[in-house]
Amino acid sequence: MRTYAETRAGYLNLWNQAQVLPGEAAAAKVWAQKIGDSTHRPHFENVQNLTGVPWFMVGLMLMRESSLNLGTYLGNGQSLSQKTTEVPAGRGPFSTFEAGAVDALKLEGMTGITDWPVEHILYWLERFNGQGYFEIGVNP
């Protein structure tokens with residue numbers, strides 16, 4: 001697993017070159033609005049207050065795992081009402097989205113981080129989902 005220090009400059013370079021594909025701009029805007037809406041953002045802000053992980057980052061992770069379903073575990077998108085069977089298996093059940101999200105972020109080692117520049121956010125988003133994409137972007 002590559003470290004943040006090893007990938008920092010590469011992530012920043014990728015970010016500086018990134019462009020939203022013309023055919024994806026509308027969908028990206030819809031997802032951004034949903035992440036920041038009054039249904040989702042308060043939950044993400046609660047998680048930020050408990051962990052230090054930026055609220056919008058929590059939203060991006062939940063979008064990836066379960067299309068923003070607040071009834072699912074942030075770590076794998078499974079229902080909060082039962083123990084997880086996918087990686088990470090054996091977590092839960094959880095009574096709230098926030099409780100499950102805090103568990104997932106602690107398990108990943110994201111809590112307690114206080115410095116979140118864009119390259120650090122990109123590193124942790126990829127690490128949360130499984131590393132490998134960085135190499136494709138740097139060495140297409």
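Restricting attention to segment 1-41, the residues that are open to solvent by less than 60 Å² (accessible area, probe 1.4 Å), in a helix (DSSP H, G or I) and without any contact (Cβ under 8 Å) to a residue 60 or more places away in the chain add up to 4.
Only one of T114, T84 is within 25 Å of M1 (Cα to Cα), open to solvent by 70 Å² or more (accessible area, probe 1.4 Å) and either within 12 Å of the chain's Cα centre (by Cα) or not basic (K, R) (or both); which? It would help to see each step written out before you state the result.
Working: T84 fails: open to solvent by 70 Å² or more (accessible area, probe 1.4 Å).
None of the other options fit; the residue is T114.
Restricting the first member to segment 55-74 and to residues that are at negative phi and of a type in the set (D, E, K, R), and the second to residues that are open to solvent by 40 Å² or more (accessible area, probe 1.4 Å) and at pLDDT 95 or above, no beta-carbon pair is closer than 8 Å while six or more apart or on different chains. Quick check: anything in segment 89-100 aliphatic (A, V, I, L, M), open to solvent by less than 30 Å² (accessible area, probe 1.4 Å) and modelled with pLDDT of 95 or more? No, because not a single residue in segment 89-100 is aliphatic (A, V, I, L, M), open to solvent by less than 30 Å² (accessible area, probe 1.4 Å) and modelled with pLDDT of 95 or more.
From the list L62, L74, L50, which residue is modelled with pLDDT of 95 or more, open to solvent by 70 Å² or more (accessible area, probe 1.4 Å), under 17 Å from E108 (Cβ atoms) and not basic (K, R)?
Working: L62 fails: open to solvent by 70 Å² or more (accessible area, probe 1.4 Å); L74 fails: open to solvent by 70 Å² or more (accessible area, probe 1.4 Å).
Going through L62, L74, L50 in turn, just one is modelled with pLDDT of 95 or more, open to solvent by 70 Å² or more (accessible area, probe 1.4 Å), under 17 Å from E108 (Cβ atoms) and not basic (K, R): L50.
The values are calculated or read from the model by the stated rules, or taken from the named source; none is laboratory data. Note that this is a predicted model, so its numbers are computed, not measured. Cβ coordinates were reconstructed from backbone atoms using ideal geometry, including for glycine residues, and neighbour counts include every protein chain displayed. Just the protein is used for accessible areas: all its heavy atoms, side chains included, with ligands, DNA and RNA removed. Shrake-Rupley method; radii C 1.70, N 1.55, O 1.52, S 1.80 Å.
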